[in-house]
Amino acid sequence: MKAVNLDNIWEKYRIKFVKENGVSWREVWALREVNFAVEQGEVLGIIAQNGAGKTTLLKIIAGMLMPDRGKVNVRGKVSTLMELGAGFNREFTGRENIILNARIYGLSKKDINIKMQEVIEFAGLGEFIDAPIKYYSQGMYLRLAFSLAISLDPDILLIDDIIAVGDEASSCRCIDKIRQLKKEGKTIILVTHQMDMVAQMCDRVIHLNKGKIIDAGSPGKIIPAYLETVGRKEGIKVFEKYDFRVVFNNGRLSLSYAGNPLTGKMGVSAVWFNPRINGWVSSKDLNWQNIAKDNASFIFEGSHQGFDSLQVWTISLEKDILEWTVKFEGKEIQNPHFDLGFRALYDHWVVEKKEEEFLPFLSKLNWQDLGTHDCFFGGVGMFSSQKSGSLPAFIFGQKKQAQKIKLFNTGYHNETRVAQSLLDSNCAEFYIRLFSQKRNLLKYMEKKKKELPASYRFCRLEYKHLRIEASGREKTIKIYYRGREVTAGCGMSVSFQRKEEWYSAVSARWKLVQKEDCIQGELFWPDFRLRQVWEISIKEGGVCWKADIDTAKINEIDDFKMGILVREEYKRYVSGHQEGVFPKDFTNWMDIDLEDKKAEHLGTNASGDLPGIILTNKGRWMNVVENSDKKNRCRALQFRLPFRNFKEKGFSTEINIFKDNLFAGKCVEEKKPFWPSNLVSVSAAAVKVGIDLDAKKIRLFYQGREISERACLRNHLLISEKGFESRFMGWQVEQISKDKAVLTMSIKNFPVVERWEFFCGEDNSLKIRIDLEVGKKVRIIDNGLSLELKDGYQSWFTAGEKGDFIAKKYENDTGAIRMKDSNVSAICLKSGESKNFPDLTFAFNPSCQDRIINLYKKRPGNDYGSSIGIYTAKLSTRKKSFFKPGSYNLLEGKMFFGKQPGLSSFQKKTNKVKLARPGLELNFYQGKGRLYWKGKEITAGLGIYSCFCHFGIWHDSSLAAWEVIEQNRDNLSLAGDWAHLPVSQVWKIKLREDKRIIWEVETEVHQELELEAIQNNLMVSPLYKEWAAPGFSRGEFSEIFTGSYDILPFRAWSGPADKLLVKSRELPDLSFRRDKTSGGLQGLLENSDYFYRSRLIQYQQIGVEKLKPGKYSNFKGVVEIEPKEN
Amino acid sequence: MIINRIKKLFYQRDILAEMVFKQFRASYSGAMLGVWWAIIIPCILAVCINIIFTTVFKINIENFTFFVLSGILPWLFFSAAVVEATNSFLTDAAMFRQKMLPLEFVPFKSVLSNFLSFLIGIGFLLPFFIISNIQIIKVLPALIFVFIFNLIFILGLSLIFAVINVYSRDIIHFLSVGLMVWFWITPVFYSLNMVPYPYRWISILNPMTYYVTSYRSILFYGKLPSLPVAVTGIVLALIFIIAGNLFLIKKEPSLLKQL
């Protein structure tokens, strides 16, 4: 049935214009030929730019205006949310205003009394309800008006952009309320500028422009089309080729294919940093206009006076290829890049050989960094694995060969993936090419790769602050330090002279090959038939350069030099012990006279932030230090090689780059070692363990590079309240063989000795075993192992989940990485882009029960960079924490570098205990209880669990050590000891025939302590949408899950209830009751955070007094499942 | 059409009543003496006029205070209602932004809330009128008819004024002087037969003359109003209410745009 029917509506206004030469009247049509109908229960959105006639339209529906032509038919009571609070009298109290306005609306006194409480509660005014509303704040006023308008029980609700109802929390509640009305089957007509809201709520959308309906349909179709057209008309252009549609709208490109948008709201836009305003500027901020002279090309120019920047985009669209070139002009441009925001339905990306799945969206507001990826041919490909959508695969990138593309996930509310293409100059050519299928995309990439001539390749190596870029096109190999080029000209150079003529790498043919850890180059001079093979790699602190040279075939060579050319800012040089200053003038490649021509070290430094450089002379060659000619303006540090028949050894040097700008000579003199000297190393294949006896650290190396950081690998022992850290113990190493060593740590006058065994395997693995020898009876309270690694890892995964390394909150520079199930026996860390970090798997003997693994991230400190930590500890019950004299094995673990052994082989044998009834299953595992109904999980997150708060820290039952005491068909008893609190609990669980679950909790305190809160919780599935606290209130859960537990505006209810109920369409209704004897408990219903995404039903006791040692029986709860009858 | 309209008004009479009470309460809210002002104002005026006319002008009417009161109470109601109603579309336009109501309700509620004050004033002073002239009791029921037709007349008139005022604000300025002139040409503190004949047509053309005379003959003289006066009063009331409504219906679409 139609609730609203508008038939050819026309509405005009007469508007008075007062000008100097008199008054004139003009008629303006606010609405023209408007036809539409709204079905009962439908939610219709009206979107339009300001002044398009939206409000007039609403007023006509509400009867506040009469159309000049046409017919309006409205069935049912209309309530409007237009000018909130317009009917209020400021002298009357809130309550009086509610009554008066409700009466005017036509509600009977009886109805008003019923509604009153609801209105007051929703408005949240407290005692202010009885104060005249002239004393109200704007927010209170609006809240009251909103809650009144919405509770009038209208059949049709008209909403005109009313989301500005106070703070975010209350506006969220308002939106939820509207959603609830939608569910109740009210007809809603919604006018708003918030497209998210339209997209979420409306069934149908009308796009109004200048009083006319120009488009109507589903939100998914209309909204993108609308957004495309919002903006200054001069800066809008629509391109269409078959199904591919591209809209340029004031500095943003939006793409769609066959009516399906590919890009999100963000579209494609340029972003750069403006140092003057110290902020990011987007091309959307510029003023755009088409400057093309003819109609064939589309050239848009964007400028902004405030930013002193100008941009020109030239856009063209072929059948399935969109190409655009961008030119940046202006001084204040730093880090320019292009952001492509595309829909989350694209879940795979492919670059070069790698094809990977996007990580799930984890964070609400952050841009979740998915790594920087080198694209050597053409860009990054995206495709969707979902079959249902007809989303085409596409490739996005710059047209040049080598480029970097960063990927992000952003915002769960509007889930969007972002590909960011970095510009390295102020001019770039971009393209997006669509493919109907993933297969075609891969084929295209393969083709592109083949097309790429080896000589044109671009290779890059990176390690820490050091970067090498080899370009076959430019024939240069450049070294960068902290993003700044150190070298000049062609960088690493080779040159030789024949017949008074100099030849260099420029005249050679280049072939470059990018290897995992090095760049291989082949230089060939066809005129001389001379071939050189180079291999360049990065190691800690420098560059290794090896060259295979055969000069035998060249006759009449007069001179032959290899080395590097550095910037003219380098002023001083050193050769062996001789120091000097480069001449001021550029002396046209004139050798500087050196005392010790065959010194082992040849170096240079500069003031400022350029690093010091030292080259090692490995072959007793001649050192050459010279200035270039005036044109090149660089300094050269080279070695003169034997002219003829140079084949014996090849050429090899190390170019050391010094972090801090120490004068290179000093380092040479002092012969500072690169590695700590007092290092006992155990190694096999690429893996090395360095036991650093000076720093008392156990370092890990992979391919000669250290991957550990800060504390490296260490054990923590807390023995009878006395903590032992390995760095305070006495260390002794016994090297058994090259790949095996034993480290003994002992403490003076204490009968506990830790024994570590390291064994490196040829398969790039490292076995670690820690044993403990105890001389007298001790209690080991805490026993954990931590491994801190350099921050080169992008993601982690365990047998059951995966995640990234973005910490939400830091405490003392340590941020926890949350895991849903930390009771795992193996974890794998993946390094995204970096070739310097091997994928690392850390696994423990799976038979070892109750071992948990936690992850954390540390912020960079003064001496260390940021790091990633793995912490693992064994949860042991109180009983098992006492150790009699003897020898114990604390840990047996294995690390795998590079290759991953499938994690499934480390799947834990879980000791889940189960109680079951037909259809219902209840299992307990590690302090978490889970409920299944007909195979579907009812619980979510932590399920049934308890929790204590002590000094502001929450201790969940999932972090306690649990033991089964008793189990039979109906009953289950579990005992758990908290790891960091002197508290234990005994849970008695009974499953009754009538599907009631009785959960009794008995708490035992071993030492006097104060607890701030004791909670007994049940986390249930987010499919439960409605809640009730019988006798108190009822309502619906918000659909918003916060990013962090600190702010909880999404608490549905709290109060002294003893029964809490949740309802769902898909799952059986569930109630969580507490026994009346367990008094003083507060019932609570709220949403958990985004991580657990569940509804929390809780009974908590806050402000618990000091607890004396002893047993407390403090909770008895009943969970009841009420299956739907059908 | 008019019948439909009346039906609609009748269905929503509750709302009108609510609006009237709201307006009534709002007009006295914040005042310490509250509703007492409905009595105080006519009394003060009556006392002033009494003093001026008995001591300065030496008018010789017996019981002059009650003579003036019987005329000034209806006049005060009339003038206050007309001024308030004339402005009502402008001051209460906000009402239409929440919920669509019949347009008539806006001037009507202004008139009716003033009518309430008027009733309170009369109700309070009625015992005194009766004490001064016991004959009144006999004709008291007729007062109700006077109330009704006087009210209908004012409703009709204020509708017209209120609608005009939306288009041109001149009417409200005119009223500030016009009501004063109107006051003097209405037999409030003199009686109709005191006006010499060549000028009496002014009083006869003045509709308020009939209502004030009716009130006075009941409240002061204790007699029923003469038949010509009563009939004229009834006819005038019907003419104005019909004219007012037709005018509003004609102007409604464009009036809504102006609000």
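Every number in this text was worked out from the coordinates using simple rules, so none of it is lab data. This one's a predicted model, so the numbers in the text were calculated from it and none came from an experiment. Using ideal geometry, Cβ is built from the backbone for each residue, glycine included, and neighbour counts are taken over all protein chains shown.
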Simple spin-label estimate for A:Asn35/B:Ile204, 7 Å along Cα→Cβ, in nm, reads 6.3
Filtered hits (lysines, Cα-Cα < 17 Å from B:Lys22, offset >= 8 within chain) -> A:Lys109, A:Lys134, B:Lys99, B:Lys109
Helix B:105-132: inclination vs chain B longest Cα principal axis, degrees, rounded to 10, gives 20
The alpha-carbon center of the range A:166-230 and that of the range A:691-751 are separated, in whole Å, by 62
For chain A, longest principal axis from Cα atoms; helix A:138-151 axis from its Cα atoms; angle between them, nearest 10 degrees, is 60
Longest principal axis of chain B (C-alpha) makes with the long axis of helix B:37-51 (C-alpha) an angle, in degrees to the nearest 10, of 40
Ordering A:264-273, A:1052-1061 by per-residue average of other C-beta atoms within 10 angstrom, highest first, gives A:264-273, A:1052-1061
By the mean-Cβ-within-10 Å protection proxy, highest first, B:145-154, A:53-62 rank as A:53-62, B:145-154
Expressed as a whole-number percentage, the relative contact order of the range A:231-452 with C-alpha contacts under 8 angstrom and at least six residues apart is 17
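About its Cα centre, how strong a charge dipole does the range B:2-258 have in debye, to the nearest 20, once Lys and Arg get +1 and Asp and Glu get -1 at the Cβ?
Numbers: 18 positive and 8 negative charges, 93 e Å.
It comes to approximately 440 debye.
Among the listed pairs A:Lys464/A:Lys820; A:Lys912/A:Lys934; A:Lys802/A:Lys990; A:Lys912/A:Lys1111; A:Lys880/A:Lys990; A:Lys327/A:Lys449, which have their C-alpha atoms separated by more than 24 angstrom in this model? Walk me through the numbers on the way to the answer.
Details: A:Lys464/A:Lys820 32 Å; A:Lys912/A:Lys934 18 Å; A:Lys802/A:Lys990 34 Å; A:Lys912/A:Lys1111 27 Å; A:Lys880/A:Lys990 27 Å; A:Lys327/A:Lys449 27 Å.
Distance filter (> 24 Å) returns A:Lys464/A:Lys820; A:Lys802/A:Lys990; A:Lys912/A:Lys1111; A:Lys880/A:Lys990; A:Lys327/A:Lys449.
Calculate, for A:Asn366 and A:Arg1093, the FRET efficiency according to 1/(1 + (r/R0)^6) with r their C-beta to C-beta distance and R0 22 Å; round to the nearest 0.05.
0.80
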Those trypsin sites (Lys or Arg not before Pro) from the range A:959-1045 that are DSSP loop and have at most 11 other Cβ neighbours within 10 Å turn out to be A:Arg969
Under a Gaussian network model of chain B whose springs join Cα atoms within less than 10 Å, the largest fluctuation of B:Gln23, B:Gln12, B:Gln135 belongs to B:Gln12
Averaged over residues of A:80-90, the number of beta carbons from other chains lying within 10 Å of each residue's Cβ is 4
Answer in debye to the nearest 20: the dipole magnitude of the range A:913-1122 about its Cα centre, from +1 Lys/Arg and -1 Asp/Glu charges placed on Cβ, is 640
Note to self, chain A gives a 222 nm [θ] from helices alone (DSSP H runs n ≥ 4, -39500 (n - 2.57) apiece, / all residues, nearest 500) of -3000 deg cm²/dmol
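What is the fewest-to-most order of A:Cys375, B:Cys48 by other Cβ atoms lying within 10 Å of their Cβ? Mind dumping the intermediate values first?
Working: A:Cys375 22, B:Cys48 11.
Fewest to most other Cβ atoms nearby, the residues stand as B:Cys48, A:Cys375.
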Which of A:Lys988/A:Lys1076; A:Lys618/A:Lys696; A:Lys221/A:Lys399; A:Lys740/A:Lys776; A:Lys354/A:Lys546; A:Lys539/A:Lys696 exceed 22 Å between C-alpha atoms? The answer is A:Lys618/A:Lys696; A:Lys221/A:Lys399; A:Lys740/A:Lys776; A:Lys354/A:Lys546; A:Lys539/A:Lys696
If every Lys and Arg gets +1 and every Asp and Glu gets -1 at its Cβ, then about the Cα centre chain A yields a dipole, in debye to the nearest 20, of 1480
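Do any chymotrypsin sites (Phe, Trp or Tyr not before Pro) in the range A:179-246 lie in a DSSP loop with no more than 12 other beta carbon atoms within 10 Å, and if so, which?
Numbers: sites: A:Tyr226, A:Phe239, A:Tyr242, A:Phe244; in loops: A:Tyr242.
Qualifying residues, ordered by number: A:Tyr242.
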Looking only at aspartates and glutamates whose Cα falls under 15 Å of A:Lys1063's and that sit 8 or more positions away or on another chain, we get A:Glu937, A:Glu1026, A:Glu1036, A:Glu1039, A:Glu1086, A:Glu1120, A:Glu1122, A:Glu1125
Among A:Met590, A:Gly541, A:Thr604, the residue whose Cα sits farthest towards the positive end of the charge dipole of the range A:456-644 (+1 at Cβ of Lys and Arg, -1 at Cβ of Asp and Glu, taken about the Cα centre) is A:Gly541
With Cα springs under 10 Å, the Gaussian network model of chain B assigns the largest mean-square fluctuation among B:Glu104, B:Glu84, B:Glu62 to B:Glu62
Here the whole-number average of other chain Cβ atoms within 10 Å per Cβ of A:53-60 is 1
